[in-house]
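Okay, structure first, notes after.
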Amino acid sequence: MGLGMTLGSHLGPLARSYIEQADVVFAGLSDGIVEMWLHKMHPDVRSLQPYYREGKSRMHTYREMVEAILTEVRAGKRVCGVFYGHPGVFAWAPHKSIEVARSEGYEAHMEPGISAEDCLYADLGIDPGRYGCQHFEASQLLFYKRRIDPTAYLVLWQVGLVGDQSLARFSTGPAYRELLVEVLAREYPLDHEITIYRGATLPIQQPRIRRIRLAELPQAEVGMEDTVVLPPVGPLQPDLEMRARLDALDKVEIKQDAGVL
């Protein structure tokens with residue numbers, strides 16, 4: 001289940017009931033304070049953070065998390081995995097845990113939570129339905145040939161790790177972000193204003209919002225928790241041919257509604 005992004009503020013009654021009724025609670029949270037708060041709700045909370053280690057493959061870490069969770073499930077216990085934000089967003093272990101549990105005949109369910117994406121829309125005042133919104137894990141723009149629509153919002157996740165092929169680092173340096181800027185510069189001018197966003201995880205915090213030029217991204221401070229947003233660089237381009245076809249279709253529909261045909 002998802003705990004949401006901000007401590008206490010995003011926890012709904014159904015998610016709370018899952019925690020309270022579980023025999024064992026595994027916690028993959030963003031902040032030690034949030035984990036301490038969770039301990040007040042349940043006597044057996046087991047942190048998943050110790051599985052992480054600098055130089056250790058994150059995929060190995062995720063597999064260890066899944067095994068820890070499934071060990072308790074196989075022991076006949078009611079298990080609740082609590083993850084910050086939404087448990088299905090940039091979270092391999094929750095998806096895999098459910099997949100394995102179901103394959104072994106156990107009942108498993110994912111309860112959504114308020115994600116960093118949800119907070120981003122609210123804090124930055126973005127309506128994804130206005131121009132459209134495309135989301136990429138930043139490294140995908142370096143590893144693959146992806147198509148970017150510069151007339152829509154572009155949201156890049158995990159820019160602080162862009163270009164990491166080892167899955168064993170917690171950050172990459174300016175040289176890696178320079179390659180990212182090189183790719184983005186194919187569609188955006190270097191003086192295009194971008195936003196580095198980090199949502200609040202504690203009620204006493206405010207979201208961190210920094211606006212810089214695209215050219216400044218390599219030297220900017222960008223952590224694992226930061227998301228980079230590029231607004232549209234130009235207006236939407238009308239498809240005149242398709243609009244003409246729609247106009248013709250509308251005329252036929254109007255005649256049919258009027259009983260002419």
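Look through GLY76, GLY81, GLY129 and report the one residue that is in a loop (DSSP other than H, G, I, E, B) and under 30 Å from PRO13 (Cβ atoms).
After applying the criteria, what remains is GLY76.
Between ILE209, ILE254, ILE194, which is closer than 27 Å to LEU29 by Cα and among the aliphatic types (A, V, I, L, M)?
Exactly one of ILE209, ILE254, ILE194 is closer than 27 Å to LEU29 by Cα and among the aliphatic types (A, V, I, L, M), namely ILE209.
Examine the range 40-47 for a residue that is hydrophobic (A, V, I, L, M, F, W, C), under 20 Å from THR201 (Cα atoms) and at pLDDT 95 or above, and state whether such a residue exists.
yes
From VAL233, VAL155, VAL162, grab the single residue that is modelled with pLDDT of 95 or more and out of contact with any helix residue (DSSP H, G or I) (no Cβ under 9 Å at 6 or more places or on another chain).
VAL233
Report, by residue number, each residue of the range 218-240 that is β-branched (Val, Ile, Thr) and either part of a loop (DSSP other than H, G, I, E, B) or over 20 Å from the mean Cα position of the chain (by Cα) (or both).
VAL222, VAL233
Can you tell me which residue is surrounded by the fewest Cβ atoms within 10 Å (Cβ to Cβ) among those in the range 113-131 that are under 15 Å from the mean Cα position of the chain (by Cα) and of a type in the set (Ser, Thr, Tyr)?
TYR121
Across the range 21-31, what is the total count of residues that are touching a strand residue (DSSP E or B) at 6+ places or on another chain (Cβ under 9 Å) and not in a strand (DSSP E or B)?
5
Among what's in the range 132-182 and is touching a strand residue (DSSP E or B) at 6+ places or on another chain (Cβ under 6 Å) and closer than 24 Å to HIS60 by Cβ, pick the residue that is surrounded by the fewest Cβ atoms within 10 Å (Cβ to Cβ).
The extreme case among them is GLU137.
The values are calculated or read from the model by the stated rules, or taken from the named source; none is laboratory data. Note that this is a predicted model, so its numbers are computed, not measured. Glycine also receives a Cβ, built like all others from the backbone with ideal geometry; neighbour counts cover every protein chain displayed.
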